[in-house]
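See below for the structure under consideration.
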Amino acid sequence: MKIHIPTPLRQYAGKKASIDVQADNVGQALSALTATYPDLRRHLYTDEGKLRAFVNVYLNDEDIRYLHKESTPVKENDSLSIVPSIAGGARAYCCCCRMNA
Amino acid sequence: MLRIDQTCYDQLRRHGEETYPHECCGVLLGRVEDEDQRLVTSIARAGNTRTDSPQNRYNIDPRELITIQRQARERGLDIVGFYHSHPDHPARWSSTDLAEAHWLGCSYVITRVEKGQARETNSFLLLGGEEAEKRFQDEPLQAVAQIAETKTPA
């Protein structure tokens, strides 16, 4: 199966945009990935070994949190996307105006 | 330096005007020429999923991002950053922007929209080797008349 690597993590994955791995489930696929590219591990997992909260993992178009998480079975033609979250906004605190809430 | 195609620049500013008084958001597509030069040749609008507080928060649905990423890949483009608007708020990153930014090495473009009119547009580069040391750095932004979508062979 193919794992798509987001732009910021490619520097830890041999500058590759996607990597092929052999696995039976999502957890195995991610393990295979981090075994080949160990520097990726700290960007994907906490010290306790949990996927970081802002790291979304999608099997094709489905969030694995709503499937069977890392036990979700995968097939050879599936693709796994690692997608750090994208959020923010102009709250009351600001680097230049220093307003309080 | 972030060099952005003038049409894209106009489009992302207009997006902020259209969604005012809510924040708009989207993806900057293009390529990185080298560490100091990043080119935006196309933008992709995204929906703001923060319907609970759209006037001062934004969030892009990862599923929408995957679709954008797939279409960009087919055109040979990469994600080089993201944009959003600050309705009636400065075009500077907020503590929320920094806390929620995780695409290290990417550009975050912010437009101040004052009473429905786009004003300043600034870019900030997210630096740092990992989450604990991430920080925004002001990044010069230049709108350029026309940027070729693919790199011209030497």
Original post:
Do we have any residue at all in the range A:72-94 that's of a type in the set (Phe, Trp, Tyr) and buried (at least 17 other Cβ atoms within 10 Å of the Cβ)?
Top reply: no
**OP:** Check whether at least one residue in the range B:61-69 is at the interface with chain A (Cβ under 9 Å from one of its Cβ atoms), free of Cβ contacts under 8 Å to residues at least 24 places away in the same chain and in a strand (DSSP E or B), and report yes or no.
**Re:** no
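Scan the range B:70-78 and give yes if some residue there is closer than 26 Å to A:VAL57 by Cβ, touching a helix residue (DSSP H, G or I) at 6+ places or on another chain (Cβ under 9 Å) and in a strand (DSSP E or B), otherwise no. Before you say what the answer is, go through the steps one by one.
Taking the range B:70-78 as the starting set, the residues that turn out to be closer than 26 Å to A:VAL57 by Cβ are B:70-78.
From what is left, the residues that are touching a helix residue (DSSP H, G or I) at 6+ places or on another chain (Cβ under 9 Å) are B:77-78.
Filter once more, so that each one left must be in a strand (DSSP E or B): B:78.
For the range B:70-78, residues closer than 26 Å to A:VAL57 by Cβ, touching a helix residue (DSSP H, G or I) at 6+ places or on another chain (Cβ under 9 Å) and in a strand (DSSP E or B): present.
What are the residues in the range B:85-129 that are acidic (Asp, Glu) and part of a strand (DSSP E or B), if any? I'd like the intermediate steps shown before the answer.
Step one: list which residues in the range B:85-129 are acidic (Asp, Glu), which gives B:88, B:97, B:100, B:114, B:120.
B:GLU114, B:GLU120, listed by residue number.
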Subject >> Per-region count, the range A:25-75, residues of a type in the set (Asp, Glu), in a helix (DSSP H, G or I) and more than 14 Å from chain B (Cβ to nearest Cβ) >> reply: 1
Original post:
Which of the following residues is within 23 Å of B:ARG73 (Cα to Cα), acidic (Asp, Glu) and in contact (Cβ under 8 Å) with a residue 24 or more places away in the chain: A:ASP78, A:ASP20?
Top reply: A:ASP78
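Any chance you could count how many residues in the range B:95-113 are touching a Gly at 6+ places or on another chain (Cβ under 7 Å) and either of a type in the set (S, T, N, Q) or within 7 Å of chain A (Cβ to nearest Cβ) (or both)? Break it down stepwise before answering.
To start, the set of residues in the range B:95-113 that are touching a Gly at 6+ places or on another chain (Cβ under 7 Å) comprises B:96-97, B:100-101, B:104, B:106-109, B:111, B:113.
The next check asks that each one be either of a type in the set (S, T, N, Q) or within 7 Å of chain A (Cβ to nearest Cβ) (or both); those that pass are B:96-97, B:100-101, B:104, B:106-107, B:111.
The qualifying residues number 8.
Checking the condition at pLDDT below 95 and either within 18 Å of B:VAL32 (Cα to Cα) or among the aromatic types (Phe, Trp, Tyr) (or both), which residue from B:GLN55, B:GLN69 passes? Even if it seems obvious, please write down each step before you answer.
Numbers: B:GLN55 fails: either within 18 Å of B:VAL32 (Cα to Cα) or among the aromatic types (Phe, Trp, Tyr) (or both).
It is B:GLN69.
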Original post:
Going by the conditions given, is B:ALA132 within 11 Å of chain A (Cβ to nearest Cβ), surrounded by fewer than 14 Cβ atoms within 10 Å (Cβ to Cβ) and not in a strand (DSSP E or B)?
Top reply: yes
Original post:
Does the range B:16-36 include one or more residues that are more than 10 Å from every other protein chain (Cβ to nearest Cβ), under 12 Å from the mean Cα position of the chain (by Cα), crowded, with 23+ Cβ neighbours inside 10 Å and in a helix (DSSP H, G or I)?
Top reply: yes
**OP:** Any chance you could count how many residues in the range B:40-63 are within 24 Å of A:TYR58 (Cα to Cα), among the β-branched types (Val, Ile, Thr) and either surrounded by 18 or more Cβ atoms within 10 Å (Cβ to Cβ) or in contact with a Leu (Cβ under 9 Å, 6 or more places away or on another chain) (or both)?
**Re:** 2
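Return yes or no: is B:PRO21 in contact (Cβ under 8 Å) with a residue 40 or more places away in the chain and farther than 22 Å from A:PRO6 by Cβ?
Details: in contact (Cβ under 8 Å) with a residue 40 or more places away in the chain: yes; farther than 22 Å from A:PRO6 by Cβ: yes.
So B:PRO21 fits the description; yes.
Suppose we keep only residues that are of a type outside the set (A, V, I, L, M) and in contact with a helix residue (DSSP H, G or I) (Cβ under 7 Å, 6 or more places away or on another chain) within the range B:79-101. Which one would you say is surrounded by the fewest Cβ atoms within 10 Å (Cβ to Cβ)? Can you show your working first?
Filtering the range B:79-101 for residues of a type outside the set (A, V, I, L, M) gives B:81-90, B:92-97, B:100.
With in contact with a helix residue (DSSP H, G or I) (Cβ under 7 Å, 6 or more places away or on another chain) added as a condition, the list becomes B:83, B:85.
On the way: B:TYR83: 29, B:SER85: 31.
The selected residue is B:TYR83.
The values are calculated or read from the model by the stated rules, or taken from the named source; none is laboratory data. Keep in mind it's a predicted model, so treat the numbers as computed, not measured. Virtual Cβ from ideal backbone geometry, glycine too; neighbours counted across all protein chains shown.
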